[in-house]
Amino acid sequence: MKDIHDECGVFGIHGHPDAATIGYLGLHALQHRGQESAGIATSDGQDVRLYKQMGLVADVFNADVLKTLTGTSAIGHVRYSTAGSSTLLNAQPMKCMYAGGSIALAHNGNLTNFATLRHQLLARGHLFQSSSDSEILLQLVAAHYAPTLSDRVAAMMTQARGAYSLVILTADQMLAVRDPHGFRPLVLGRLDGAPVVASESTSLNLIGATYEREIEPGEIFIAGPGGETSSRPITSPRLARCVFEQIYFSRPDSIVFGKQVNTLRTEFGRQLAREQPVPNADVIIPVPDSGTPAAIGYAEQLNKPFAMGLIRSHYVGRTFIEPEQRIRHFGVKLKLAPVPEVLKDRVVVVVDDSIVRGTTSQKIVDMVRSRGAREVHMRISSPPTRWPCFYGIDTPSRKELIAARLGSLDEIAGELTADSVGYLSVEGMHRVVSGGGGDGYCDACFTGSYPVPVEDQYSPHSGPDDNR
Ligand code: SF4
């Protein structure tokens, strides 16, 4: 169960008769990446149509709405706000008019120089509809004078710094763009001959498209009347793919940065067991769903029983009833229910993918112990999260991160009321992901080594359910 809010998901398809419906399904598979708003823009060769609303994909779109989104190309977006507040004005795709007609853009990531760019654009007379950094990207593309759209995007890429995986739609072209560091994933597939791009390959699986490759860091992929072209106007100074995508954010059935996520997570669990075993464990249980593959790996490596000691409810929306004082740990109880027969009189190892604030973990330890566990040990399949992310993941400030606040594992275990706490090492994580070294990956939230300087800091948004 996550301690960090998701980021965003993007989708695009060009040259397919069912573009809007396929866009809807493609976004459905990316719902885990953002639940605040959803939007689809389509084009029919003449103009770009757009529909977006606050809410889940299935609530925002219905058959009548999809009928209005005519055309053979579509881009879509699901959002959780990491920069800019949670309002419809900040929902995506964003659309405007430029010299070439209508243009729409959807963005996953965060710019590290967004305030500087926004001030520069405002000083030049630009007007903004939203507080989102994604609108800055749209304005940079739309306002720059260059003979082709590709040239405009290339010029934008020389100014924007930080993380961006983009889909862009005009009347007759769809573009997919990834920042030169490659922070966020973006994959290319094919459906009935039509190119499809998506944040994760799970989206391709749902619509029956075949996976072809990643959009490369620094690449501009264009599908239009003249066919498909690809260019890399900016070479990568340093690859910085987000390792947290593989630890937590992406779905386990996705291929991210060329690797099957479920396989990696199971291996994180095995490596964690090598580094942080609990020799007297009776049972290994995951914090579902995101801790499950690592818990399976952990149990396999130690040859210990794996069991579902916590059951997750999949029907929890936001609750506005908070009888905090009368029903202890109300929020966590809505999401997780303990299975007493798995826990009673056992030495229990609880495996989760990460601990951020620690509030949820403390409630889980309490829940497991209250059902009769003799000992409760927390094992975490990532290193201690000690630094905030500025590249599109909404993490709290350092003073709220339990591993930054408290110095030692004993102190963390004490605050969680666990018998012990153990994390995967940074070296162990890199060994699993890349065979060692960590080349090509960002690990700044664990190490504080930021691959792109953070020029304009912002206060990450905290949603109403973000009390962990
Ligand atoms: S700081 Fe962490 S969450 Fe952010 S991009 Fe880097 S690895 Fe990913």
Can you work out which of the residues in region 237-249 that are of a type in the set (A, V, I, L, M, F, W, C) and assigned to a loop (DSSP other than H, G, I, E, B) is farthest from the ligand (Cβ to nearest atom)?
239
Residue set 136, 168; condition β-branched (Val, Ile, Thr) and free of Cβ contacts under 8 Å to residues at least 40 places away in the same chain; output residue 136
Provide a single number: the residues in region 371-391 that are within 10 Å of the ligand (Cβ to nearest atom) and closer than 11 Å to residue 272 by Cβ.
1
Condition check for residue 245: under 21 Å from the mean Cα position of the chain (by Cα) and touching a residue at least 60 places away in the same chain (Cβ under 8 Å):
yes
Checked 217, 286, 252 against criteria (surrounded by fewer than 22 Cβ atoms within 10 Å (Cβ to Cβ) and either away from the ligand (no atom under 16 Å from the Cβ) or not charged (D, E, K, R) (or both)); the one match is 252
Across region 160-185, what is the number of residues that are assigned to a strand (DSSP E or B) and either within 16 Å of the ligand (Cβ to nearest atom) or farther than 27 Å from residue 44 by Cβ (or both)?
3
Kindly provide the set of residues from region 30-66 that are out of contact with any helix residue (DSSP H, G or I) (no Cβ under 8 Å at 6 or more places or on another chain) and of a type in the set (Gly, Ala, Ser), ordered by number.
34, 41, 43, 45, 55, 63
Only one residue in 313, 250, 290 is within 16 Å of the chain's Cα centre (by Cα), closer than 30 Å to residue 345 by Cβ and polar (S, T, N, Q), so which one is that?
290
Against the definition (touching a residue at least 24 places away in the same chain (Cβ under 8 Å) and under 27 Å from the mean Cα position of the chain (by Cα)), how does residue 98 come out, yes or no?
no
Filtered residue count, region 12-34, keeping only those that are of a type outside the set (Lys, Arg) and either closer than 20 Å to residue 133 by Cβ or not assigned by TED's automatic domain parsing to the domain that holds residue 132 (or both):
3
Having 3 or more residues that are touching a residue at least 60 places away in the same chain (Cβ under 8 Å) and within 16 Å of residue 353 (Cα to Cα) is the bar; report the helices (runs of 4 or more DSSP H) wholly within region 387-461 that clear it.
426-434
Tell me, please, whether a residue that is closer than 17 Å to residue 39 by Cβ, out of contact with any Lys or Arg (no Cβ under 7 Å at 6 or more places or on another chain) and of a type outside the set (Phe, Trp, Tyr) can be found in region 107-115.
yes
Restricting attention to region 425-438, report how many residues are over 21 Å from the mean Cα position of the chain (by Cα) and under 30 Å from residue 111 (Cβ atoms).
1
If you go through region 149-159 one residue at a time, do you hit one that is part of a loop (DSSP other than H, G, I, E, B) and either in contact (Cβ under 8 Å) with a residue 40 or more places away in the chain or not acidic (Asp, Glu) (or both)?
no
Kindly indicate which of 379, 369, 357 is in contact (Cβ under 8 Å) with a residue 12 or more places away in the chain, within 24 Å of residue 268 (Cβ to Cβ) and either surrounded by fewer than 24 Cβ atoms within 10 Å (Cβ to Cβ) or small (Gly, Ala, Ser) (or both).
357
Selection within region 31-87 - polar (S, T, N, Q) and assigned to a strand (DSSP E or B):
37, 42, 43, 53, 73
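The values are calculated or read from the model by the stated rules, or taken from the named source; none is laboratory data. It should be emphasised that the depicted structure is a prediction, and the values quoted were computed from it without experimental measurement. For neighbour counting, all protein chains shown are included, and Cβ atoms are generated from backbone atoms with ideal geometry for every residue, glycine included.
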